[in-house]
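Chemist: To start, I am sharing the structure in question, which I have written as structure tokens.
The values are calculated or read from the model by the stated rules, or taken from the named source; none is laboratory data. Note that the structure is a prediction, hence the values are computed from the model and not measured. Glycine also receives a Cβ, built like all others from the backbone with ideal geometry; neighbour counts cover every protein chain displayed. Accessible surface is based on the protein model in full, side chains and every heavy atom, while ligands, DNA and RNA are left aside. Shrake-Rupley method; radii C 1.70, N 1.55, O 1.52, S 1.80 Å.
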Amino acid sequence: MDSGKVVENIYLLVIVTLISVLQNAFFAQKVERECNCQNTHTSAFERVSCANRNCMDAYPTFLAVMWCAGLCLSQAPAAFAGIIYLVVRQKYFVGYMGQTSQSTPGYLFGKRVIFFLFLMCVVGIFNFLLTRHYGSDYKEYVETITSASSALLLIP
Amino acid sequence: MDSGKVVENIYLLVIVTLISVLQNAFFAQKVERECNCQNTHTSAFERVSCANRNCMDAYPTFLAVMWCAGLCLSQAPAAFAGIIYLVVRQKYFVGYMGQTSQSTPGYLFGKRVIFFLFLMCVVGIFNFLLTRHYGSDYKEYVETITSASSALLLIP
Amino acid sequence: MDSGKVVENIYLLVIVTLISVLQNAFFAQKVERECNCQNTHTSAFERVSCANRNCMDAYPTFLAVMWCAGLCLSQAPAAFAGIIYLVVRQKYFVGYMGQTSQSTPGYLFGKRVIFFLFLMCVVGIFNFLLTRHYGSDYKEYVETITSASSALLLIP
């Protein structure tokens, strides 16, 4: 596998993408904090439109993190986490539409999955830098641990 | 060409991306269904802002599908379909701004192009799995058929 | 490095992505022109939500341009420009929330950084086509010039 060579060509881009994801999380958390007092007495169109917009806002972040995690570390756990994220998003969307006057779910969802994928990217980059500068490659151990720990995402 | 090796490294990610595109289409169709009774008596700012938002909502989906189709199957038909999509989007945006009180165009646009690119991804993944498990490679036939059928997108 | 082979497989996709970025800029400029007369007397939630939406609208464009620039030309200047963009975005977001009744900042931000990354993509594609058809490779000169000129982004 020439996976190392791929990472060689993109690792700076991945790092910037990770920083931008952190910034997105910062923005989203600001919105989340202001969002509580809103969203009462809304029509069905506004609810579904709002749910769709929240999902779409988070979509590029999710795609970027999943692809980076898959390219930097290993694709099977990243794809599994992606599936979990899609299930969570489906539940979020349906839950958003379902309720009428109670407190709607917040702006954010799937935080744990995104965090897991983010961690995978960081570990992958870190492992690449270790390999490059010290020649020690822990990739196999890390991949095993990642595959095992991705099962933890199933815990609700 | 080591195109097969590239697909080897990303095919699970592509599959998850495809599922997420299906989910986006599901969300968008929900919004589309609620959207009809809205959008009357709007100012120019609201119209252009709404057109821009609808275009931006669909943009990551389009990028993801086009790149997956280009990487998994062949890039020329994918790029051609991408050009068609951009033309459709331009017409959508201009049409959205132009009208004042008649029924505005819906939330979705370019469904046919996205569907074509989606099909390209599925065929590419399917062909890769066939090659891997049975050793039979239909890629050349598929590429020829795809290039020919991409001309069908020109039909209005 | 097999960077040329990578570009061989994606250059049509990069070109379509660049055209779509131009189209996004056209849309955004339309919104910008209509946007001036709005946004007075808004609550904190509307301001932060609007700032977040503007940032999210531009996010896929930024990611696409940065990755294309990094893959087509060289990753260090692209990553550096990405960092600058993130700093600009942070300032934009904070500035948007800060003011109450004065004129809010416009819809667009980081135009210079996006333009620089866009130019990097164009130069990379152009150089690839030159190399392919005439056999002359200016990549090293171009990379040196790019690295040097990326420092110009630091000028406020």
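Chemist: As a check on your reading of the symmetry: which chain A residue has its Cβ nearest the axis that brings A onto B, and how far is it in Å?
Modeler: A:60, 3
Chemist: Based on alpha-carbon centroids, what's the gap between the range B:64-89 and the range A:38-91 in Å, whole number please?
Modeler: If we compute the Cα centre of each part, the gap is 23 Å.
Chemist: Rounded to the nearest 100 Å², what is the sum over both chains of accessible area buried where B meets C, with a probe of 1.4 Å?
Modeler: Working: alone 9920 and 9920 Å², together 17300 Å².
For chain B against chain C, roughly 2500 Å² becomes buried.
Chemist: Copy-to-copy spacing for residue B:22, label 7 Å out on the Cα-to-C-beta vector, in nm, shortest first?
Modeler: 3.7, 3.7
Chemist: Distances in nm, one decimal, shortest first, from residue B:87 to the same residue in every other copy, taking the label point 7 angstrom along Cα→Cβ.
Modeler: Copy-to-copy label distances at residue B:87, shortest first: 4.4, 4.4 nm.
Chemist: Less than 13 Å Cβ to Cβ from residue B:150, Lys/Arg counted +1 and Asp/Glu -1: what total charge do the surrounding residues give? Numbers along the way, then the final one.
Modeler: Working: positive: B:112; negative: B:143.
Spelling it out: positives minus negatives among the neighbours equals 0.
Chemist: So, taking all protein chains as they sit and a 1.4 Å probe, how much accessible area belongs to residue B:112, in Å² rounded to tens?
Modeler: Approximately 120 Å² for this residue.
Chemist: Residue C:144 label points, 7 Å along Cα→Cβ, one per copy: pairwise distances from this copy to the rest in nm, shortest first?
Modeler: Nearest to farthest, the other copies are at 4.9, 4.9 nm.
Chemist: Another one. Less than 14 Å Cβ to Cβ from residue B:112, Lys/Arg counted +1 and Asp/Glu -1: what total charge do the surrounding residues give? Let's see the in-between values first.
Modeler: Values: positive: B:89, B:91, B:111; negative: none.
Net local charge, residue B:112 excluded: +3.
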